[in-house]
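Following: one structure in structure tokens, then a few remarks.
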Amino acid sequence: MKLHVADHPLIAHKLTVLRDERTDSARFRQLTDELVTLLAYEATRNVRVQPKQINTPVCATTGTQIAQPRPLVVPILRAGLGMLEGMTRMLPTAEVGFLGMVRDDDTLEVETYAQRLPNDLEDRQVFVIDPMLATGHTLEMAIDFLLERGVSHISTVCLVAAPEGVNYITERFGDRADIDVFTAALDEGLNENNYIVPGLGDAGDRMYGTA
Ligand code: URA
């Protein structure tokens, strides 16, 4: 697994407003969308492309288009949904699948309660979106689930990651080159409730106003 921590003043600025407890849900969703757009630029650097013949008003030329099979974007429900719009804006030809996963806060066990994915995932490039990489247990399960179905590459895009989660994923998947994690920030750690510190609180609650 390779970790990519964004290093960009715009990302740092937007993330600071996102973290602020005074930021309301509407602004939180908008900032999430903007951050995903910026992160997607890096996360899609290795998206597979193929040549495409076109005619400009001046001459024929060979351009580039995203290759088949199309990339697949997979939000982890619920909070990952808030990142979907930003990701698909950058990858409009991508297919979208859904994974609903919930973690028991006491046992850390993760349960998959919903999945809606294409039947054939063989050789697909997948972009998993989930704002918070906390313990890493949810992401581990999502990665296992996708690898078992034959995907060729998984890039995870998150907003905030905890070192504990990053270490857990690194230990679990080693240095395999087909797994990347992109995050806007690598925070200090987890508190006793497995919330990221300083973090931004419960991402789903802040997005959907159920805090
Ligand atoms: N999930 C969240 O929404 N926030 C955290 O800090 C950790 C996990």
Residues of segment 1-60 being among the charged types (D, E, K, R) and more than 18 Å from M207 (Cα to Cα), in sequence order, are K2, D7, E42, R45, R48, K52
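Scanning for something among the hydrophobic types (A, V, I, L, M, F, W, C), more than 22 Å from L200 (Cβ to Cβ) and more than 13 Å from the chain's Cα centre (by Cα), does segment 164-171 turn up at least one residue? Even if it seems obvious, please write down each step before you answer.
Initial filter on segment 164-171 (among the hydrophobic types (A, V, I, L, M, F, W, C)): 166, 169.
With the extra rule that they be more than 22 Å from L200 (Cβ to Cβ), the set shrinks to none.
The answer is no; no qualifying residue exists.
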Kindly indicate whether E95 is modelled with pLDDT of 95 or more and touching a Pro at 6+ places or on another chain (Cβ under 7 Å). yes
For the structure I just gave you, tell me whether C59 is away from the ligand (no atom under 16 Å from the Cβ) and modelled with pLDDT of 95 or more. yes
Of all residues making up segment 178-208, the number that are farther than 23 Å from E34 by Cα and touching a Lys or Arg at 6+ places or on another chain (Cβ under 9 Å): 2
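The values are calculated or read from the model by the stated rules, or taken from the named source; none is laboratory data. Bear in mind that the values here come from a model prediction, so they are computed numbers and not experimental data. Reconstructed Cβ throughout: ideal geometry from the backbone, glycine too, with neighbour counts over all protein chains shown.
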